[in-house]
1. Before we move on, is Leu119 touching a strand residue (DSSP E or B) at 6+ places or on another chain (Cβ under 7 Å), of a type outside the set (Ser, Thr, Tyr), under 21 Å from Pro55 (Cα atoms) and in contact (Cβ under 8 Å) with a residue 40 or more places away in the chain?
2. If I filter the range 65-81 down to residues being crowded, with 20+ Cβ neighbours inside 10 Å and within 13 Å of Thr98 (Cβ to Cβ), which single residue comes out as farthest from the chain's Cα centre (by Cα)?
3. Could you please give the count of residues in the range 144-153 that are away from the ligand (no atom under 15 Å from the Cβ) and in contact (Cβ under 8 Å) with a residue 60 or more places away in the chain?
4. I'm told Lys141 meets every condition in (1) within 8 Å of the ligand (Cβ to nearest atom); (2) assigned to a strand (DSSP E or B) except one. Can you identify the failing condition by its number?
5. Being modelled with pLDDT under 95 and within 11 Å of the ligand (Cβ to nearest atom) is true for just one of Ser156, Ser134. Which residue is that?
6. Assess whether Gly94 counts as being more than 16 Å from the ligand (Cβ to nearest atom) and under 27 Å from Leu148 (Cα atoms).
7. (1) out of contact with any Gly (no Cβ under 6 Å at 6 or more places or on another chain); (2) more than 16 Å from the ligand (Cβ to nearest atom); (3) at pLDDT 95 or above: which one isn't true of Gly72, the others all being true?
Amino acid sequence: MVLHSDGASALHRRGSYGWPPGRRFVPIDDYEALLDRAFEQVPKGITDRGSWTLPSPDIDIEGASTLIRNLGAIAERMDRDPVHLYQYLQKELGTAGTLDSGRVILKGRIPPRAIKGKLTSYVNEYIRCEQCKSPDTTFGKDGRTTVLRCQACGASRPVRL
Ligand SMILES: [Zn+2]
């Protein structure tokens, strides 16, 4: 994953998001708390990405649809394929939708809390190293098995994409 040492972590500690420059994300306190919990176990010194944060999802419920305006930006920060993230959300939330230029429209009125919970689950399942909790991981192959490989400690575990 790409390392951004642009002061985002200092901003994050003050309760606002500093990434990406020039774009504004509205902090959502409970999402921030979820992510803090997800990453509080990252050992200091193993990776600079211990203070890794994601843009708060920009969610709107419009009529019978739920809009996530910045899924593309979230996936970019995750260093993951937006299509994979989108498909995961569809499956986990039990709905269908469309992904267009980083914007997702899901059928149904989906509580933002549920979406944030699934984003955190995605981080735990497809990004975070189980051994050292680093988010600095990539997908690789071990024989025919797809594995999540940690760039910080070298651990790997099988994943189902
Ligand atoms: Zn690790």
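The values are calculated or read from the model by the stated rules, or taken from the named source; none is laboratory data. A quick note: this is a predicted structure, and the numbers were derived from the prediction, not measured. We place every Cβ from the backbone using ideal geometry, glycine too, and count neighbours over all the protein chains shown.
1. Details: touching a strand residue (DSSP E or B) at 6+ places or on another chain (Cβ under 7 Å): no; of a type outside the set (Ser, Thr, Tyr): yes; under 21 Å from Pro55 (Cα atoms): yes; in contact (Cβ under 8 Å) with a residue 40 or more places away in the chain: yes.
Criteria not met by Leu119.
2. Applying the filter and picking the extreme gives Thr66.
3. Initially, the range 144-153 is screened for residues away from the ligand (no atom under 15 Å from the Cβ), giving 144-146.
Add one more test, that the residue is in contact (Cβ under 8 Å) with a residue 60 or more places away in the chain, and what stays is none.
Of the residues in the range 144-153, 0 are away from the ligand (no atom under 15 Å from the Cβ) and in contact (Cβ under 8 Å) with a residue 60 or more places away in the chain.
4. (1)
5. Numbers: Ser156 fails: modelled with pLDDT under 95.
Being modelled with pLDDT under 95 and within 11 Å of the ligand (Cβ to nearest atom) holds for just one of Ser156, Ser134, which is Ser134.
6. Details: more than 16 Å from the ligand (Cβ to nearest atom): yes; under 27 Å from Leu148 (Cα atoms): yes.
The answer is yes for Gly94.
7. (1) is the only condition that Gly72 fails.
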